[in-house]
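The values are calculated or read from the model by the stated rules, or taken from the named source; none is laboratory data. None of these values were measured; they are calculated from a predicted model. Note: ideal-geometry Cβ built from the backbone for every residue, glycine included; neighbour counts use all protein chains shown. Just the protein is used for accessible areas: all its heavy atoms, side chains included, with ligands, DNA and RNA removed. Shrake-Rupley method; radii C 1.70, N 1.55, O 1.52, S 1.80 Å.
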Amino acid sequence: MLSGLTQAIGNTPLIRINCLSQETGCEILGKAEFMNPGGSVKDRAALWMIQDAEQSGQLQPGGTVVEGTAGNTGIGLAHVCNNRGYKTVIYMPDNQSEEKVNLLRTLGAEVRVVPTVPYKNDANFQKQAGRYAQTLSNAVWANQFDNTANREAHYATTGPEIWTQTNGKLDAFTCAVGTGGTLAGVARYLKEQTSNTRIVLTDPVGSALYNWVKTGTADMTPGPSITEGIGNSRITANLQGTPIDDAVQVQDQDMVNMVYRVLRQEGWFFGSSTGINLCGAVQVAHQLGPGHTIATILCDDGSKYMSRLFNAEFLAQKGLHTNASDTPI
Ligand code: PMP
């Protein structure tokens with residue numbers, strides 16, 4: 001028995017993706033992070049950042065957690081804040097879907113929608129979140145990109161869980177990076193167990209991280225990508241110092257094919273970053289050859305992507321398609 005909501009975060013199953021395992025001759029395994037209470041991998045980071053603020057004394061009973069986020073981190077924070085009696089204030093740029101605003105408000109967060117401006121502008125939503133937290137007495141800015149309590153969550157939980165669930169027989173781990181918390185925490189833990197586990201960063205187009213791993217310079221690749229929550233133009237504090245062996249890049253059309261393929265062939269309903277991760281895992285499997293075990297992250301499910309990834313009209317506008325001939329059933 002679990003004693004409450006925060007106990008239900010983590011300890012997710014590791015699931016064999018059968019069609020990809022058969023195709024590659026490898027074991028392709030996905031960590032089912034969509035099964036967390038808030039529905040994504042970000043619940044772990046949300047819990048760790050809040051626990052860290054409590055332990056440092058920054059956050060006292062009845063306090064406020066502020067974050068600039070358009071997605072899963074806000075959802076995770078709202079769940080944990082409700083559970084622990086904190087207020088959640090989310091700053092969000094005004095180019096985000098109404099569904100996301102409504103969801104966060106339904107969860108009890110105060111949502112402040114602000115004009116969409118680049119990071120270098122002082123009115124950027126993340127900077128506004130940081131400034132607002134400073135004006136309150138009992139409040140913390142979660143600051144997921146550069147607050148390393150984020151990667152600590154994955155070092156303390158996701159990494160050890162994957163190691164145990166594979167009985168230490170793991171040839172490679174790969175996932176995409178948004179803040180970098182997941183990759184950084186898992187990679188650190190796995191490399192401490194054995195340097196033989198290959199760590200590969202999977203990057204969507206329109207991000208600088210593929211080039212950063214390959215050449216050492218964070219040059220953007222041509223984009224944009226329709227994926228959400230992944231890719232970055234800078235090396236966050238969470239990502240710095242991560243032991244990474246290689247990077248692979250995934251095109252959006254391959255991601256779309258993957259998401260529809262696992263839906264039609266196996267019944268999995270995944271979001272876009274999971275599609276990217278599965279494509280990355282297949283690329284790594286082809287590089288290593290049959291007989292290897294590769295783990296990745298099933299970040300969230302498809303329900304938040306109905307108006308984009310699961311909307312044929314939207315895909316067509318972006319020059320993408322769900323041609324069934326690409327995705328044999
Ligand atoms: N997938 C989704 C759906 C996300 O919301 C995020 C977080 N931005 C990620 C992947 C990337 O995780 P991380 O921030 O730990 O790099």
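Below, the figures for the structure above:
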quantity: Total residues in segment 1-19, condition in contact with a strand residue (DSSP E or B) (Cβ under 8 Å, 6 or more places away or on another chain) and among the hydroxyl-bearing types (S, T, Y); calculated: 1
quantity: Test result for T164, surrounded by fewer than 23 Cβ atoms within 10 Å (Cβ to Cβ) and in the same structural domain as H79 (by TED's automatic domain parsing); calculated: no
quantity: Criterion: more than 22 Å from L278 (Cβ to Cβ), modelled with pLDDT of 95 or more and surrounded by fewer than 19 Cβ atoms within 10 Å (Cβ to Cβ) - qualifying residue of V114, V140, V80; calculated: V114
quantity: Output for segment 95-110, where each listed residue is over 21 Å from the mean Cα position of the chain (by Cα) and open to solvent by less than 70 Å² (accessible area, probe 1.4 Å); calculated: G108, E110
quantity: Those residues of segment 37-56 which are of a type in the set (S, T, N, Q) and within 11 Å of the ligand (Cβ to nearest atom), in sequence order; calculated: S40
quantity: Condition met for I230 (in contact with a Gly (Cβ under 9 Å, 6 or more places away or on another chain) and either among the charged types (D, E, K, R) or outside the structural domain of G71 (by TED's automatic domain parsing) (or both)); calculated: yes
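A quick yes/no check of all residues on (1) more than 16 Å from the ligand (Cβ to nearest atom); (2) among the polar types (S, T, N, Q):
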| position | (1), (2) |
| --- | --- |
| L2 | yes, no |
| Q7 | yes, yes |
| M35 | no, no |
| G68 | no, no |
| I75 | no, no |
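Table: residues versus (1) charged (D, E, K, R); (2) more than 17 Å from the chain's Cα centre (by Cα); (3) part of a helix (DSSP H, G or I).
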{"position": "V259", "(1), (2), (3)": "no, no, yes"}
{"position": "T274", "(1), (2), (3)": "no, no, yes"}
{"position": "Q283", "(1), (2), (3)": "no, yes, yes"}
{"position": "P290", "(1), (2), (3)": "no, yes, no"}
{"position": "S303", "(1), (2), (3)": "no, no, yes"}
